[in-house]
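The values are calculated or read from the model by the stated rules, or taken from the named source; none is laboratory data. Predicted model only: the values in this text are computed from it and were never measured. Neighbour counts run over all protein chains shown; Cβ positions are idealised from the backbone, glycine included. These area figures cover heavy atoms from the full protein model, side chains too; ligands, DNA and RNA do not enter into them. Shrake-Rupley method; radii C 1.70, N 1.55, O 1.52, S 1.80 Å.
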Amino acid sequence: MDGITTHIAAKRHQARALPRGRQASPEDTAALQALLGAAPLRRDLLIEYLHVIQDARGHLPAGLLVALAEAMNLPLVEVYETASFYAHFDIVDADEAPPPRLTLRVCDSLSCCMAGADDLAQQLAAENDPACRVVRVPCMGQCDRAPAVALGKNVFAPASLEALRTARQAGDAAPVLPRYKALAAYLAEGGYGVLRRLRQGSLAAEEVVATLEQAGLRGLGGAGFPTGRKWRLLRQQPGPRYLAVNGDEGEPGTLKDRYYLETDPHGFLEGLLIAAAVIEPAAVYIYLRDEYPALHDVIAAELAALRAAGLLDGLPVEVRRGAGAYICGEESAMLESIEGKRGLPRHKPPYPAEVGLWGRPTLINNVETLYWVPAILDQGAAWWASHGRHGGKGLRSYSVSGRVRLPGVKLAPAGITLNELIEEYCGGMAPGHVLRAYLPGGASGGILPAHLADIPLDFGTLEKYGCFIGSAAVIVLSQQDDMQAAALNLMRFFRHESCGQCTPCRVGTEKAVALMQAPDWDEAALRSLAQVMRDASICGLGQAAPNPLLAVLEHFR
């Protein structure tokens, strides 16, 4: 019996050494090694490895996925389910033809459709170029420059048919980097002075937290949780702790993080390093959406400059690349993605401050929140609190798009009204347009009519109208826009971006789109469906998805 037992144990050990299912060919194993190298592969970097393959081949060949599963000692189904979850990965089985060499991704979110994206997509598709496919995609964060189209890693905004034809003939190219304030220029203006004071001991970590609390800085990614309180909670948690930065602003209409990273990335990076000095994380992860390819290059270059200047002080900082999933803007879904998994939101509680990355306490802040930290600590809590209108406190970066003369990021007092924002910061309405409606907080923030354009745009002021400020993504609509069509566009976005984990959101968004496509809406059915989605969805996507349709039923009969 001892011999049989030994034989069985050896067989079981051998079975565990290789994943079940298909085995990789020597050719695919060699090809994978040429792409990824021979070093041991980390489980949390699965999505990064998928990006390397996708970038090199233009798709994910099934054979390389088999080889990747073997190299990582993962079940093949785990690799497939992760790759198939993200929109920017194209899995191609052995018996399928790969996609064309080039892909034109045309944004079909609300601001781009208002700027003619539908016609542009139809014109591009009608050219029937066999070397180029045309794909409609959700918001690309270029709402102020609509319509937006991406060709590989080049983003054209505003895009024209002529420019895209020329670029298509030239083929894929490296992204065009923005003109931004690099490290030398930032240091010349006194940058990293607050960080030096903190590291040298002339500024205490407790003083940093107290100043942020006194200033009233709140999370500017949408939830609005007080920043100082969050940092204090993390300092009380046992180590090891982690810091995760949410740079996945996928909410239609939102572009403020892109703006600050394109112009002043070190304002954000100093805020990040201050947060790290206060909570002392074991590592920092910057999760940046894939739709910003140029900014990946910017952050990589400036982190290298900080490392060379000794300003990282040995802190491990990794940049993780999103892969086209709006749900990863939800903080717990982002953590799952950083760990190399599908971006499925976690049940709460526990909250990330207690159980975050790899089960450890994790501080999560978005890009803009960290951007303002050095300025507040340098100029004082009273400086920040002195800004605001109509009871608001602080500054807000309003991402304005749609029917205004001057769209873009507008730094204005928190609590400003839409009428004030348009007249004082946006040059008024676009010629020929009269205000009809607006979205105060992006796709999920609801829609309000023009007669409610004097409500302060701030936390807590919009909820009684069925809306919220969120990330302050303001989309302005006029008498030329169809409110039902706008709400349908937004619901299609939520249907596309639902992670599918819970039935109320997965099925609810699909049924809502079907009902909203009818000429006459079934109000009773839509209201009942909306209530189920709000009450039973796991995360904010399903809970907020009905807001635009309910607003249309309420204000635009």
Task: All positions within the range 78-113 that are touching a residue at least 24 places away in the same chain (Cβ under 8 Å), hydrophobic (A, V, I, L, M, F, W, C) and open to solvent by 30 Å² or more (accessible area, probe 1.4 Å) - done: Phe85, Ala87, Ile91, Ala94, Cys113
Task: Residue that is nearest to Pro345 (Cα to Cα), among those in the range 514-557 that are surrounded by fewer than 17 Cβ atoms within 10 Å (Cβ to Cβ) and of a type in the set (S, T, N, Q) - done: Gln531
Task: Complete set of residues in the range 221-234 that are out of contact with any Gly (no Cβ under 9 Å at 6 or more places or on another chain), open to solvent by less than 30 Å² (accessible area, probe 1.4 Å) and of a type outside the set (Phe, Trp, Tyr) - done: Leu234
Open item on the list: Just to be sure I understand, how many residues within the range 495-504 are within 20 Å of Arg346 (Cβ to Cβ) and either under 19 Å from the mean Cα position of the chain (by Cα) or outside any helix (DSSP H, G or I) (or both)?
Closed with: 6
- [ ] Quick one: which residue in Arg436, Arg403 is of a type in the set (D, E, K, R) and either more than 18 Å from Val552 (Cα to Cα) or open to solvent by less than 10 Å² (accessible area, probe 1.4 Å) (or both)?
- [x] Arg403
TODO: Have a look at Leu46, Leu68, Leu50, Leu32 and point out the one that is over 27 Å from the mean Cα position of the chain (by Cα), assigned to a helix (DSSP H, G or I) and at pLDDT 95 or above.
DONE: Leu32
- [ ] Among the numbered conditions (1) out of contact with any strand residue (DSSP E or B) (no Cβ under 7 Å at 6 or more places or on another chain); (2) in a loop (DSSP other than H, G, I, E, B); (3) more than 21 Å from Gly329 (Cα to Cα), tell me where His88 comes up short.
- [x] (3)
- [ ] Only residues that are open to solvent by less than 10 Å² (accessible area, probe 1.4 Å) and under 12 Å from Ser471 (Cα atoms): list them for the range 251-281, please.
- [x] Pro252, Gly253, Thr254, Leu255, Lys256, Asp257
Task: Selection from the range 143-164 of residues that are open to solvent by 50 Å² or more (accessible area, probe 1.4 Å) and either in contact with a Pro (Cβ under 6 Å, 6 or more places away or on another chain) or touching a residue at least 24 places away in the same chain (Cβ under 8 Å) (or both) - done: Arg145, Lys153, Val155, Pro158
- [ ] Name the one entry in Gly222, Gly239 that is closer than 30 Å to Asp144 by Cα and either within 28 Å of the chain's Cα centre (by Cα) or part of a loop (DSSP other than H, G, I, E, B) (or both).
- [x] Gly222
Open item on the list: Against the definition (open to solvent by less than 40 Å² (accessible area, probe 1.4 Å), touching a Leu at 6+ places or on another chain (Cβ under 7 Å) and among the hydrophobic types (A, V, I, L, M, F, W, C)), how does Ala487 come out, yes or no?
Closed with: yes
- [ ] From the list Tyr287, Tyr292, pick out the single residue that is among the hydroxyl-bearing types (Ser, Thr, Tyr), under 18 Å from the mean Cα position of the chain (by Cα) and farther than 15 Å from Tyr180 by Cβ.
- [x] Tyr287
TODO: Output the residues belonging to the range 339-366 that are surrounded by fewer than 24 Cβ atoms within 10 Å (Cβ to Cβ) and of a type in the set (Val, Ile, Thr).
DONE: Val355
Open item on the list: Residues that are within 20 Å of the chain's Cα centre (by Cα) and over 21 Å from Pro546 (Cβ atoms), at least 3 per element: which helices (runs of 4 or more DSSP H) completely within the range 361-476 meet that?
Closed with: 367-379
